[in-house]
1. Identify, please: which residue in the stretch 208-263 is under 13 Å from Pro193 (Cβ atoms) and basic (Lys, Arg) and is, among those, surrounded by the most Cβ atoms within 10 Å (Cβ to Cβ)?
2. As an exercise: evaluate Ile169 against (1) free of Cβ contacts under 8 Å to residues at least 40 places away in the same chain; (2) part of a strand (DSSP E or B) and give the number of the one condition it does not meet.
3. Pick from the stretch 8-24 the residues that are out of contact with any helix residue (DSSP H, G or I) (no Cβ under 9 Å at 6 or more places or on another chain) and either exposed (fewer than 15 other Cβ atoms within 10 Å of the Cβ) or of a type in the set (A, V, I, L, M) (or both): which of them is modelled with the lowest pLDDT?
4. Within the stretch 113-134, is there a residue that is of a type outside the set (Phe, Trp, Tyr), closer than 14 Å to Gly204 by Cα, under 22 Å from the mean Cα position of the chain (by Cα) and outside any strand (DSSP E or B)?
5. Answer with yes or no whether Pro193 is farther than 22 Å from Ala242 by Cβ and either touching a residue at least 60 places away in the same chain (Cβ under 8 Å) or not polar (S, T, N, Q) (or both).
6. Give the residue that is farthest from Gly100 (Cα to Cα), with candidates limited to residues of the stretch 52-72 that are under 20 Å from the mean Cα position of the chain (by Cα) and at pLDDT below 95.
Amino acid sequence: MNAARNTARNPSRPRLAVFKFASCDGCQLSLLDCEDELLAVCEAVEIAYFPEASSAMQPGPYDIVLVEGSITTAHDRERIRRVRRSARRLVTIGACATSGGIQALRNFRDVAEFAHLVYARPEYLDTLAESTPIAAHVPVDHELRGCPIDQRQLLALLDALLRGRRPSIPSAAVCTECKRAGQVCVTVAQGTPCLGPVTQAGCGALCPGFARGCYGCFGPKEAPNTDALAVKLGELGLDPPAVRRFWHTFNAGAGAFRRAGGG
């Protein structure tokens, strides 16, 4: 694909924009890595703003806006409000945009102390005390979880929006994916700590498929029983501080995981 070719306004196709905030760009790359499917996306939409893919950046309004990254500065807090005003539909993609990401670990500590330890002149920094999800600042129409997001879910969501349907996003636990794949439970069989019972499906149970416990990349599932899992983690030999740290990964700022981790 050469996204730069999409420079002329085409009123017959919905206009797509992709914005980045505090993040690693991995979720945007998930869209670019769709390869053959990306050609179909380019035929279905006009890519009006996507700096990761094209230097041709057109102003809004946009029909669909994908937002990657969390809000960590006052400048970005104002910028996301401008993005929201330009968007007919706003979709947050990835753990950073939906829960604050790995950088939300700052929410549990004194950011000023970190700044003084890392930077010679911390007074030049302009940063907020917390890393927060997009939904903490503006209304969000749909969320895609993951670190990074799943390409199939992204394509299915775009297809649903373009057809005027409500996207269907999994809400069950990763454990259901393990069962469908015929994988042995790593906690039961090996005593391996695993967040699968409380994590939303979407990754295809990738880590348990390699005999590793789930790290919670897709964030908490609907109504997760974190208390029961914490008890099980203790039975596996984790002391209380280790149990609290177990929740502090990609979705440390997500509601249920934040509370379980003592935030």
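1. The selected residue is Arg244.
2. (2)
3. Narrowing the stretch 8-24 to residues out of contact with any helix residue (DSSP H, G or I) (no Cβ under 9 Å at 6 or more places or on another chain): 8-12, 15.
Okay, now just the ones that are also either exposed (fewer than 15 other Cβ atoms within 10 Å of the Cβ) or of a type in the set (A, V, I, L, M) (or both), so 8-12.
Values: Ala8: 48, Arg9: 53, Asn10: 56, Pro11: 63, Ser12: 79.
Among them, the one singled out is Ala8.
4. First pass over the stretch 113-134, keeping only residues of a type outside the set (Phe, Trp, Tyr): 113, 115-118, 120-123, 125-134.
The next check asks that each one be closer than 14 Å to Gly204 by Cα; those that pass are none.
No, the conditions are met nowhere in the stretch 113-134.
5. Numbers: farther than 22 Å from Ala242 by Cβ: no; either touching a residue at least 60 places away in the same chain (Cβ under 8 Å) or not polar (S, T, N, Q) (or both): yes.
Taking the combined requirement at face value, the residue does not satisfy it.
6. Of the stretch 52-72, the ones under 20 Å from the mean Cα position of the chain (by Cα) are 52-53, 64-72.
Okay, now just the ones that are also at pLDDT below 95, so 52-53.
Numbers: Glu52: 21, Ala53: 24 Å.
By that ranking, first place goes to Ala53.
The values are calculated or read from the model by the stated rules, or taken from the named source; none is laboratory data. Small disclaimer: the values here were computed from a predicted structure and weren't measured. Every residue, glycine as well, gets a Cβ built from its backbone with ideal geometry; the counts of neighbours run over all protein chains shown.
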